[in-house]
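Notes follow the structure.
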Amino acid sequence: MMLIPGFSEADWKDFLFNPKRLEKMQEGASIIRSFLQLVLSNGLLTGNVLAEENLNELSTRLVDTQIPSASRKVKSLAKLQLDSDSLSLIRFELTNLGNLAHLLQNFNKLSLMSKLNVWQYCGGIIPKEKILNQPGFIDKWTVRYVNISREDSLVARKTWFHGFNSRFWVYTIDYSFGNQPLPPGYKIGKVAEFVARFYPGLIPGRILETNNFSNTFPPVKLELDFNSITMMNGWIAKAFNNDPLLNEFVVQLVDVRMMVNQEQFYIVDNDRKWIEISTVDTSSFFNKDILWAMYAEYGGRSQSISLMFSKGRFYFLN
């Protein structure tokens, strides 16, 4: 669907997937599937399968099977109130867990690219030196969004960039543990020129930023611009078919309008198709005050709008 710029499968054919860790992760996959079967048999809105105590116990078991990403996902579900607002998010996360379990249990049947994708998703290590040896491309990158999340002693910062020439949307992830500070980062709006070298995967996204300008190639053009919501939804369906673990990316809709009805914001295209725009009370970037300000300036007028798709929901990124 979309090739990873600079990726050569030959460079990764000797990558060693730790067999002992893989065996543990496959044990975790069996635990996930048993849990999901219990959820399906009881129903989301009945019983206490999604009770905080049960989810925390499951989270601990997934840590023991060396799938920290799945453990954190389950633990985050324990913090959600099961209601109409959270139902779509819970469904998305449970589907994501089911996809992960299926891929882990069929790991040996996957392509090399899919294996690398699953390995990283589970928290398996991809040496930075390996990434830095891959070809990359130079661009001027504008910081469009920074998200910092905290879970126990782990702090993660995800920084989204948009390429001036390539039109690529890419992101970096930085971590800190315990009392260690995060490494220096960028503020929204900052423009920086650097070489982007991509992590392996099924859809280009995560990069390592470097100022080593050797082993580079001209920027690759990739504009996820869509003239209609139907076209965008078709691309999203193909993207999930290609990468069942995909949970966040950015697209752009062209010639659409921002509308509001009973304080719910929508994007409407020329075919009168529409999608809801979600808001987050705790985020200074996705809260309703920002959207009201944007609506006051652009509401009802045709424009191009950048949207972040995150865990089954759309967020305004302009």
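Nothing in this text is a laboratory measurement; each read-out follows from the coordinates by a stated rule. This one's a predicted model, so the numbers in the text were calculated from it and none came from an experiment. Cβ placement follows ideal geometry from the backbone for every residue including glycine, while neighbour counts extend to all protein chains displayed.
For the pair Leu112 and Glu223, label points projected 7 Å from Cα toward Cβ lie 3.4 nm apart. For the range 225-316, the relative contact order is 33 percent, taking Cα pairs closer than 8 Å that sit 6 or more residues apart in sequence and dividing their mean separation by the residue count. At full extension, Phe177 and Ile236 could sit 17.8 nm farther apart than now, given 0.36 nm per residue minus the alpha carbon distance. The stretch between Ser34 and Gln105 holds 24.3 nm of extra length on full extension. This uses 0.36 nm per residue minus the Cα-Cα distance. Computed from the Cβ-Cβ distance with R0 of 25 Å, the FRET efficiency linking Arg301 to Lys187 stands at 0.30. Taking a straight line from the alpha carbon of Lys273, these aspartates and glutamates sit under 13 Å away, with near neighbours fewer than eight places off in the same chain left out: Asp255.
For a test of the definition: using alpha carbon positions, the gyration tensor, and the 1.5 limit on a/c, classify the range 19-107 as rounded, prolate or oblate. Judged from the Cα gyration tensor, the range 19-107 comes out prolate (a/c at least 1.5, a/b above b/c).
For the chain, give the magnitude of the charge dipole about the Cα centre (Cβ charges: +1 Lys/Arg, -1 Asp/Glu; no others), in debye to the nearest 20.
Approximately 460 debye in magnitude.
Estimated at 0.36 nm per residue, the fully extended path between Asn287 and Asp83 surpasses their Cα-Cα distance by 71.4 nm.
Between Asp11 and Glu263, the modelled labels are 5.1 nm apart [label points 7 Å from Cα along Cα→Cβ]. When only Cα pairs below 8 angstrom with a gap of at least 6 residues are kept, the range 19-107 shows a relative contact order of 40 percent.
Seen through its C-alpha gyration tensor, with square-root eigenvalues sorted a ≥ b ≥ c, the chain comes out oblate because a/c lies at 1.5 or above while a/b is not bigger than b/c. Comparing Val63, Leu44, Pro19 along the charge dipole axis of the range 19-107, the residue lying farthest to the positive side is Pro19, per the Cβ-charge model.
Would you work out which of Leu182, Leu208, Phe314 lies farthest towards the positive end of the dipole of the chain? Charges go on Cβ: Lys and Arg +1, Asp and Glu -1. Toward the positive end, the furthest listed residue is Leu208. Bridging of Lys190 to lysines at a Cα separation below 29 Å is possible for Lys128, Lys130, Lys140, Lys158, Lys221, Lys288, Lys311, once same-chain residues fewer than 8 apart are set aside. Straight-line reach from Lys20: which aspartates and glutamates fall under 18 Å, measuring Cα to Cα and dropping same-chain residues less than 8 apart? Partners found: Asp64.
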